[in-house]
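Chemist: Dropping a structure here in structure tokens format, bear with me for questions.
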Amino acid sequence: VRSVKRLTLLLSAVLLGGPPAAAQPLPPTSALAAEAARTLNDPIFPGLGQLGLDVRHYDVALTVAEPGTPGLSGSVTLTLTATRPLAEVRLDFFGPTVTAVRWNGQAVPFRVDGAAQKLIVMPPTPLLPGQEARLSAEYQGTPGVILDPDLDLPVPLGWQSVPGEGPRAGANFTLSEPNGTHTFLPSNDHPSDKATFTTRVTVPQGYAAAASGLEGPVVGGNGPQTFVFTQAQPIPTYALAVHVNRFERVTAPSVPVGVNGSPVVRRDYFPVGTPQGVRTVYARTDEMLRVLSEWFGPYPFGAYGVAVVTPRLPALETATLSTMPPTASERTAVHELAHQWFGNAVTPAGWADVWLSEGFATYAELLWTESQGGDGQAVAARWHDTLARGGTRPLVAVQAGQLFDRSAYQRGALALHALRAATGDVAFRAFLHAYTARFSGSTLTTADFLTFARARTGPAGEAALRPWAESPGLPPLPPSSSSR
Ligand code: ARG
Ligand code: ZN
């Protein structure tokens, strides 16, 4: 979603009495086809996305007939616009077999390019800037396997299947960062194209589904039931949560830390039989929401909670509903909560800028430690030691193996510690509030971040950040900030 552009197009459409692009001559068809093949050219994942495509909304319907097995059937409708004429729509997809595609309700030709991981759809006429179309796809079968580029994670990304074992029921869920969403959903699978979602998940009786957003009424009685969720604020595709399990849904009083003090709905999902020790990690989520919203500004979504999974995977900040392994600590809980602001609401424009998510989420761990009476400077010193011993790099990543490394996390966090030391706590807090207010719902690059920091905190703030962003070596540990 690129709302400013959309507004401009809308205004000009109203003022000129028609879509603005209709007045412009179209390039010849062959040129249009070549144009349509252009991806977003992400330096880390050059194949992802389509240049000029803007997905505004995904209406996703998934049916999981046998939880714990990989099989899936899907029926999705994407609301599309374009920022340049598109003769073909090329969605990222490496999923089950596609059985039908419709364009504004009408069957249209399509093909699947397995090597490129694309579902290619031919609309009756090119999609022009200022126009909106609905693309529907139906599919059924087994999701593709995309291996994590970070080889530390020995699991495929995207749609997960956890077979039942003993008393434990079979389960399915998404774990998609960075590029796994297109294993189960045809999508413009790149963080620069955020969108809203409606997610409907149909599961057998006795199971429950959970997904990003606010839950609506459950549909169906005896037999399969459909759980419906509305994610009304745009999020990056990798942040979409879908969970199927035998769940206990545990609610807690809402917390008034949303925009203008609005209530944030609280609910957690624990697989039946989750031990008390695992649940305890989430006992203070409301306090975490209060502490972090004081630093970061209003919580950006309508709900927050976790869905616990049984495999020992890394946690993931899926929107409004973080996905947590049974081994997660309170510190991880704070980290994933912080990602709701940094990652899900304020989103890096490309994968090279992922430290804008990880550095902030890591810094939240220090802020939480301090709020509990702990020594934040000692946390920073440990990060600095780790980097000094293990090596480090400038913040912008240049290869997939760096996306979730120490530098993205700890060096990114120390950059913020340096900004805080240079400005003092009062100005640092004001900066964070202004930053989330400015970029929530949108995306930015590292360069945008430095420009914004300079505008808000002056040359001293920018000068504190620069060496962390750019120096090949390790800048000195920033001093503890006094509460100025
Ligand atoms: N964003 C996640 C977190 O820090 C980490 C995701 C790791 N993903 C991966 N593909 N290794 O909470
Ligand atoms: Zn993180």
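Chemist: Just the residues that are in contact with a helix residue (DSSP H, G or I) (Cβ under 8 Å, 6 or more places away or on another chain), surrounded by fewer than 24 Cβ atoms within 10 Å (Cβ to Cβ) and farther than 17 Å from Val346 by Cβ, please, taken from region 295-307.
Modeler: Passing the criteria: only Gly305.
Chemist: Also, quick follow-up: Within region 65-78, identify whether any single residue is touching a strand residue (DSSP E or B) at 6+ places or on another chain (Cβ under 6 Å), of a type in the set (A, V, I, L, M, F, W, C) and over 22 Å from Thr202 (Cα atoms), and answer yes or no.
Modeler: Looking through region 65-78, none of the residues is touching a strand residue (DSSP E or B) at 6+ places or on another chain (Cβ under 6 Å), of a type in the set (A, V, I, L, M, F, W, C) and over 22 Å from Thr202 (Cα atoms).
Chemist: Same structure again: Consider Arg438 carefully, then state whether it is within 25 Å of the chain's Cα centre (by Cα) and either more than 16 Å from ligand 2 (Cβ to nearest atom) or β-branched (Val, Ile, Thr) (or both).
Modeler: Details: within 25 Å of the chain's Cα centre (by Cα): yes; either more than 16 Å from ligand 2 (Cβ to nearest atom) or β-branched (Val, Ile, Thr) (or both): yes.
Yes; evaluated as a whole, the condition is true for this residue.
Chemist: Let me ask something else about it. Looking at region 312-336, I want the residues that are near ligand 2 (Cβ under 9 Å from one of its atoms) and have a partner that is hydrophobic (A, V, I, L, M, F, W, C) and part of a helix (DSSP H, G or I) with Cβ atoms under 6 Å, at least 6 apart or on another chain. Which pairs are those?
Modeler: The qualifying pairs are His335/Ala361.
Chemist: Could we say that His417 is in contact (Cβ under 8 Å) with a residue 60 or more places away in the chain, within 19 Å of Val354 (Cα to Cα) and not in a loop (DSSP other than H, G, I, E, B) here? Step through it out loud before you land on a result.
Modeler: Numbers: in contact (Cβ under 8 Å) with a residue 60 or more places away in the chain: yes; within 19 Å of Val354 (Cα to Cα): yes; not in a loop (DSSP other than H, G, I, E, B): yes.
Against the criterion (in contact (Cβ under 8 Å) with a residue 60 or more places away in the chain, within 19 Å of Val354 (Cα to Cα) and not in a loop (DSSP other than H, G, I, E, B)), His417 qualifies.
Yes/no per residue for (1) within 16 Å of ligand 2 (Cβ to nearest atom); (2) touching a residue at least 40 places away in the same chain (Cβ under 8 Å):
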{"residue": "Ala239", "(1), (2)": "yes, yes"}
{"residue": "Arg246", "(1), (2)": "no, yes"}
{"residue": "Pro253", "(1), (2)": "no, no"}
{"residue": "Gly261", "(1), (2)": "no, no"}
{"residue": "Tyr269", "(1), (2)": "no, yes"}
{"residue": "Gln276", "(1), (2)": "no, no"}
{"residue": "Arg290", "(1), (2)": "no, no"}
{"residue": "Phe301", "(1), (2)": "no, yes"}
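Chemist: Does any residue in region 68-84 that is closer than 16 Å to Ala209 by Cβ come within less than 6 Å, Cβ to Cβ, of a residue that is acidic (Asp, Glu) and modelled with pLDDT of 95 or more six or more places away or on a different chain, and which pairs are these?
Modeler: Close Cβ pairs (under 6 Å, with a partner that is acidic (Asp, Glu) and modelled with pLDDT of 95 or more) amount to Ser75/Glu138.
Chemist: Could you list, in sequence order, all residues of region 185-219 that are aromatic (Phe, Trp, Tyr) and outside any loop (DSSP other than H, G, I, E, B)? Break it down stepwise before answering.
Modeler: Our first condition is that a residue be aromatic (Phe, Trp, Tyr); within region 185-219, this holds for 197, 207.
Scanning region 185-219 gives a single hit, Phe197.
Chemist: Here is a list of conditions, (1) over 17 Å from Val64 (Cα atoms); (2) without any contact (Cβ under 8 Å) to a residue 40 or more places away in the chain, and Gly213 meets all of them except one; can you say which number that is?
Modeler: Exception for Gly213: condition (2).
Chemist: Within region 85-109, work out how many residues are crowded, with 19+ Cβ neighbours inside 10 Å and of a type outside the set (Val, Ile, Thr). So that I can check it myself, show each step before the final result.
Modeler: Step one: filter region 85-109 for residues crowded, with 19+ Cβ neighbours inside 10 Å, giving 85-96, 98, 101, 103.
Subset that is of a type outside the set (Val, Ile, Thr): 85-88, 90-96, 103.
Looking only at that region, the number is 12.
Chemist: Could you please tell me which pairs satisfy a Cβ distance under 6 Å, a separation of 6+ or placement on different chains, a first residue in region 356-378 that is under 27 Å from Ala397 (Cβ atoms), and a second residue that is polar (S, T, N, Q) and more than 12 Å from ligand 1 (Cβ to nearest atom)?
Modeler: Gly376/Thr369
Chemist: May I pose another question? Here are some conditions: (1) more than 13 Å from ligand 2 (Cβ to nearest atom); (2) over 19 Å from Ala283 (Cβ atoms); (3) touching a Phe, Trp or Tyr at 6+ places or on another chain (Cβ under 8 Å). Gly305 meets all but one. Which one does it not meet?
Modeler: Answer for Gly305: the failing condition is (2).
Chemist: Kindly provide the set of residues from region 46-72 that are in contact with an Asp or Glu (Cβ under 8 Å, 6 or more places away or on another chain), surrounded by fewer than 20 Cβ atoms within 10 Å (Cβ to Cβ) and not in a loop (DSSP other than H, G, I, E, B), ordered by number.
Modeler: Arg56
Chemist: Filter region 220-263 for residues that are assigned to a helix (DSSP H, G or I) and more than 28 Å from Asn188 (Cα to Cα) and give the result.
Modeler: Residues of region 220-263 that are assigned to a helix (DSSP H, G or I), as a first pass: 237-239, 259-261.
Passing the criteria: Val259, Asn260, Gly261.
Chemist: Inspect all residues belonging to region 372-384 and state whether any of them is within 23 Å of Glu177 (Cβ to Cβ), assigned to a helix (DSSP H, G or I) and within 16 Å of ligand 2 (Cβ to nearest atom).
Modeler: Yes, region 372-384 contains a residue that is within 23 Å of Glu177 (Cβ to Cβ), assigned to a helix (DSSP H, G or I) and within 16 Å of ligand 2 (Cβ to nearest atom).
Chemist: Take His182 and tell me if it is touching a residue at least 12 places away in the same chain (Cβ under 8 Å), within 16 Å of ligand 1 (Cβ to nearest atom), part of a loop (DSSP other than H, G, I, E, B) and within 22 Å of Asp42 (Cα to Cα). So that I can check it myself, show each step before the final result.
Modeler: On the way: touching a residue at least 12 places away in the same chain (Cβ under 8 Å): yes; within 16 Å of ligand 1 (Cβ to nearest atom): yes; part of a loop (DSSP other than H, G, I, E, B): no; within 22 Å of Asp42 (Cα to Cα): yes.
Answer is no for this residue.
Chemist: Is it the case that some residue within region 336-358 is within 15 Å of Leu289 (Cα to Cα) and polar (S, T, N, Q)?
Modeler: Among the residues of region 336-358, at least one is within 15 Å of Leu289 (Cα to Cα) and polar (S, T, N, Q), which makes the answer yes.
Chemist: Residue check: is Thr347 outside any helix (DSSP H, G or I), within 16 Å of ligand 2 (Cβ to nearest atom) and buried (at least 24 other Cβ atoms within 10 Å of the Cβ)?
Modeler: On the way: outside any helix (DSSP H, G or I): yes; within 16 Å of ligand 2 (Cβ to nearest atom): yes; buried (at least 24 other Cβ atoms within 10 Å of the Cβ): yes.
Taking the combined requirement at face value, the residue satisfies it.
Chemist: Residues Thr77, Thr69: which one is touching a Lys or Arg at 6+ places or on another chain (Cβ under 8 Å) and among the polar types (S, T, N, Q)? Don't jump to the end; show me each part of the working.
Modeler: Working: Thr69 fails: touching a Lys or Arg at 6+ places or on another chain (Cβ under 8 Å).
Criteria check complete, one pass: Thr77.
Chemist: Can you tell me which residue among Val396, Val379 is surrounded by 22 or more Cβ atoms within 10 Å (Cβ to Cβ) and either at pLDDT 95 or above or in contact with a strand residue (DSSP E or B) (Cβ under 9 Å, 6 or more places away or on another chain) (or both)? Spell out how you get there, then give the answer.
Modeler: On the way: Val396 fails: surrounded by 22 or more Cβ atoms within 10 Å (Cβ to Cβ).
One residue alone meets the criteria, Val379.
Chemist: Quick check on region 135-156: of everything there that is under 14 Å from Arg312 (Cα atoms) and within 16 Å of ligand 2 (Cβ to nearest atom), which residue is surrounded by the most Cβ atoms within 10 Å (Cβ to Cβ)?
Modeler: Taking region 135-156 as the starting set, the residues that turn out to be under 14 Å from Arg312 (Cα atoms) are 152-156.
Then keep just the ones that are within 16 Å of ligand 2 (Cβ to nearest atom); that gives 152-153.
Numbers: Asp152: 9, Leu153: 15.
By that ranking, first place goes to Leu153.
Results for (1) in a loop (DSSP other than H, G, I, E, B); (2) in contact with a helix residue (DSSP H, G or I) (Cβ under 6 Å, 6 or more places away or on another chain), shown as yes or no for each residue.
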site	(1), (2)
Asp268	no, no
Arg290	no, no
Arg312	yes, no
Thr320	yes, no
Arg331	no, yes
His335	no, yes
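Chemist: Are any residues in region 255-273 hydroxyl-bearing (Ser, Thr, Tyr) and crowded, with 18+ Cβ neighbours inside 10 Å, and if so, which ones?
Modeler: In the first step, residues of region 255-273 are kept if they are hydroxyl-bearing (Ser, Thr, Tyr); the result is 262, 269.
Matches in region 255-273: Tyr269 only.
Here is a yes/no grid of residues against (1) under 30 Å from Pro163 (Cβ atoms); (2) within 12 Å of ligand 1 (Cβ to nearest atom); (3) more than 19 Å from the chain's Cα centre (by Cα):
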site	(1), (2), (3)
Pro256	no, no, yes
Ser262	no, no, yes
Thr274	yes, no, yes
Arg331	no, yes, yes
Ala345	no, no, no
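The values are calculated or read from the model by the stated rules, or taken from the named source; none is laboratory data. Keep in mind that what you see is a predicted model, and the values were worked out from it rather than measured. Quick reminder, even Gly has a Cβ in these numbers, built from the backbone with ideal geometry, and neighbours come from all protein chains shown.
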